[in-house]
Amino acid sequence: MRFDKDNYQIENITIGEKSIDIRAFRNIIYVDKPVCEEFQRMNIFAPEKYYSGEKINGYSIKTAPIFMPNMVGGYMPGIVGEPAGMPWERKDVPNTFFRALQHGYVVVIPAIRGRVLKNETGEYIGKAPACVVDYKAAVRYLRYFAKDIPGDVEKIITNGTSAGGALSSLMGATGNNPDYEIYLEEIGAAKERDDIFAASCYCPIINLENADVAYEWQFLGVNDYHRMHMNMDEGGRPQFTPIDGEMSSEQIKVSKDLASLFPCYVNSLNLKDEAGNSLTLSPDGNGTFKDYMKKIVLDSVRHAMETGIDVLDKKWLSFVDGTVVDMDWYEYAKDITRMKTAPAFDALTMDSPENDLFGNSDVNMRHFTEYGLANSKVVGEKAEDEVIKLMNPMSYIEKENAIKAKYWRIRHGECDRDTSLAISAILSLKLKENGCEVDYHSPWSIPHAGDYDLDELFEWIDGLCKNDMKK
Ligand code: DHB
């Protein structure tokens, strides 16, 4: 494994009025024994000014935070990114990488293996836990070559959206845990630490083995579903067609079955709110945890109102003297609409992205819940508990031998229907309980999306890093 600090290009990128000179180190294979070079390499970009001793935003080549986003979506392979944008992207709007560089961050974008990859002999090489293992290997590489890598390897901030947000949360929750070691050794990852400074997670699709029950708890009784189907047209551009339907009576029964299992899961977590009150659910799905979830949505509403957004059309909100005081959870779920049929993740027909994620080298799709296995329509297998565990940050938060990122920023849009809002709320609560500093918010009227508030994200990163630099 090597890093050639003299092998780079200096480039100018101009987007609209904005221009930056960068030093680009591209296509660096970050492991010694790659199984897929295309998706086990990364790009490293630094503002060129740093190499003449200049500072940007108070940072120098030694102190600049390393912003390390991933481009994973849908647990598919994540490509390496470019601050000038990919050929198919808009050229007039600066992307996340460009803006991060302009802000003074070093930007490292690792490609990451995903669920559909195969080798020449037809074996799958990107099934769980490959994606998190690759991300870790990339972090280890940076530490291994810290002397020559621009930026401060003790200030690595991962970032991602959806499945990418899940990976960022795994990076934040599982630092240096020995469970991943055999997988890291297999690909020849550097013998280094892989814990990170901070994790930025947009709508993380995590806790997959409990996501079905959370989803049905949230959408119980909302039986019509609405989603977009994406196809590529002949020019390789995505085309969307709406899919609208009603769940069958069988799916409605599945929904009820699954929803009835959520209280048991929530109660097993011994959750407490910030004031130490326990958050639980009674068998009918009501209780202090539900009140807490309502509070998250109501905070979102209040925040929106403070910025002048009109929310009066939301009939599920109750107001007293112009102040929002309560909400109707069912009407809220109905209004944002259900996207997925029950079960939302571990499909009984075993054809969801997550079934695909949990395949292995020769089996493409597997179940990952007891319910899915017991009710499978295709007599599928279930992934090993160990593999399911490796993909869930919740399994590691309480473990002392998993080094947690101290700082977390978690955003999960108020009208996101890809996974239940309860999933990110539970993650945030558990992290806080275990000593992490978590900035959690559900932004109003934001669907399943990420990177929509980069000014605030960068302000948060600067706050953490500058505080740390003073110490
Ligand atoms: C993503 C979205 C999903 O609804 C899902 O189940 C898994 C991944 C994504 O956008 O990454």
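Assorted remarks:
- Calculated on the alpha-carbon coordinates, the convex hull of the range 318-471 measures out at 181 cubic angstrom per residue.
- Taking the Kirkwood radius as Rh and the Cα radius of gyration as Rg, the range 256-339 has a ratio of Rg/Rh equal to 1.02.
- Taking all protein chains as they are arranged and a probe of 1.4 Å, the heavy atoms of Ser52 leave approximately 90 Å² accessible to solvent.
- For Lys191, the aspartates and glutamates whose Cα comes closer than 18 Å to its Cα, not counting residues fewer than 8 places off in the same chain, are Asp32, Asp134, Asp148, Glu154, Asp179, Glu181.
- Mean sequence separation of contacting Cα pairs (under 8 Å, at least six apart), scaled by the length of the chain, corresponds to a relative contact order of 16 percent.
- Between helix 208-219 and the chain there is an angle of about 50 degrees, using the helix long axis and the longest principal axis of the Cα atoms.
- Note on Asn434 and Arg193: the extension gain reaches 84.7 nm, defined as 0.36 nm multiplied by sequence separation minus the Cα-Cα distance.
- Efficiency of FRET between Phe240 and Asp321 - r from beta-carbon atoms, R0 35 angstrom, step 0.05: 0.25
- Scattering profile of the range 155-283 at q = 0.09, 0.16, 0.19, 0.22 Å⁻¹ [log10 I(q)/I(0), Debye over alpha-carbon scatterers]: -0.47, -1.08, -1.15, -1.23
- Evaluated at q = 0.09, 0.17, 0.19 Å⁻¹: base-10 log I(q)/I(0), Debye formula over Cα of the range 243-392: -0.42, -1.12, -1.20
- Our analysis of the range 85-151 gives Rg over Rh at 1.08, with the two radii drawn from alpha carbon positions and Rh computed by the Kirkwood formula.
- Working from label points 7 Å from Cα in the Cα-to-Cβ sense, the His226 to Asp257 distance is 2.9 nm.
- The residue among Phe197, Gly413, Ser249 whose Cα reaches farthest toward the positive pole of the charge dipole of the chain, with charges on the beta-carbon of Lys, Arg, Asp and Glu, is Phe197.
- Secondary-structure-derived ellipticity at 222 nm for the chain, considering helices only, amounts to -9000 deg cm²/dmol, per-run term -39500 (n - 2.57) for DSSP H runs with n ≥ 4.
- Mean shadow area of the range 35-89, taken as a quarter of the surface of its Cα convex hull (nm²): 5.6
- A Förster radius of 45 Å, combined with the Cβ-Cβ distance separating Asp455 from Lys5, puts the computed FRET efficiency at roughly 0.90.
- As a size descriptor, the averaged projected area of the C-alpha convex hull of the range 1-159 was calculated at 9.6 nm².
- Convex hull volume of the C-alpha atoms in the chain, normalised per residue: 164 Å³.
- Taken about its Cα centre, the chain carries a charge dipole of about 960 debye when Lys and Arg each add +1 at the Cβ and Asp and Glu each add -1 at the Cβ.
- Potential lengthening between Cys264 and Asp335 on full extension [0.36 nm per residue; Cα-Cα distance subtracted]: 22.9 nm
- DSSP bridge pairs, the chain: antiparallel proportion in percent, nearest 5: 60
- In nm, spacing of pseudo-spin labels at Lys62 and Lys18 (7 Å Cα→C-beta vector): 2.9
- Label-point gap, in nm, between Ile29 and Asp385 - each point 7 angstrom along Cα→Cβ: 3.8
- According to the Kirkwood relation over distinct C-alpha pairs, the hydrodynamic radius of the range 245-286 is 11.8 Å.
The values are calculated or read from the model by the stated rules, or taken from the named source; none is laboratory data. Here the structure is a predicted model, which means the values were calculated and not measured. Cβ sites come from the backbone with ideal geometry, for glycine too, and all protein chains shown count toward neighbours. Calculation scope for accessible area: heavy atoms of the full protein, side chains included, ligands and nucleic acids excluded. Shrake-Rupley method; radii C 1.70, N 1.55, O 1.52, S 1.80 Å.
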